[in-house]
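The block underneath contains the structure these notes are about, expressed in structure tokens.
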Amino acid sequence: MAMTESEKQDKRLAFLGQLAGGLAHEIKNPLSTIGLNLQLLQEDWANPQTERERRTKRKLEILAKEVKRLQTILEDFLRFAGGHKLDKKPVQIVELIDEVLEFVTPQLVEGKVDSRTMYEEGVPVLPLDRNAMKQVFLNLFLNAIQAMPVGGELMVRCGRAGDEVVVEVTDTGEGMPPEVLERIWVPYYSRRRSGTGMGLPTVRRLVEEHDGTISVWSEKGKGTRFTLRFPVPGEE
């Protein structure tokens, strides 16, 4: 049976995805070598004595910073491209959320952000890749903290709604206007100079690979809420 145009397009996209992932891996090794050699050069120029040597030291620092930025972009792309198969095991999601919240406690304290959790009793155990879901919540929590530069509150709700487990991550931060909100899932789009723009697209991909969905509500000056929904196994 001949393939439809839609099937042909899906096949082309899958091939391009494999090609891009392979190219990223090919770039990663020489980039690491460049970074290592720059570190060695920085050690050689650690104590400049003349103005020319000081300029060289500054140039090496700029190069090292750019290599590190490229490595971050590459690593974020490889995570987004899904370079590994999910290892799903039974996980109590509220325990995982608490674990990630504890991990970001230093950032919460530094940012003067209070965290509050509201968990319903009897939240079902879900088949999750623990490391992948840690990455999901870490991204969401750090985004929330960054959205509250003068402090605020991070609220996490978790409970059951019919045949789904629902998690809400809400911040009282700056919020997003509609023109920004419609682009947050676009790879490489970021409002922060230090951001790679791959955090939320990766979050969305990982949630969807768990057969879940993620949606967002945000209003300028009022805050943002991400809602994640995961199906309870064995139930329609």
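In the range 82-117, which trypsin sites (Lys or Arg not before Pro) are in a loop and have at most 13 other Cβ atoms within 10 Å, using DSSP for the loop call?
Lys85, Lys112
What percent antiparallel are the DSSP beta bridges of the range 86-236, to the nearest 5? Mind showing how you got there, number by number?
Working: 27 of 34 bridges.
Once the DSSP bridges in the range 86-236 are tallied, antiparallel ones form about 80 percent.
Would you list which aspartates and glutamates come within 16 Å of Lys65, measuring only between C-alpha atoms, while excluding same-chain residues fewer than 8 positions from it?
Cross-link targets: Glu43, Glu75.
Given the options Leu41, Val94, Met118, identify the residue whose Cα lies farthest towards the positive end of the charge dipole of the range 23-135 (+1 on Cβ of Lys, Arg; -1 on Cβ of Asp, Glu).
Leu41
Quick one: order Val125, Val94 by neighbouring beta-carbon count within 10 Å, fewest to most.
Working: Val125 14, Val94 17.
Fewest to most other Cβ atoms nearby, the residues stand as Val125, Val94.
The numbers here are math on the coordinates, done by the rules we state, and not lab data. What you are looking at is a predicted structure, and each value in this text was computed from that prediction instead of being measured. Note: ideal-geometry Cβ built from the backbone for every residue, glycine included; neighbour counts use all protein chains shown.
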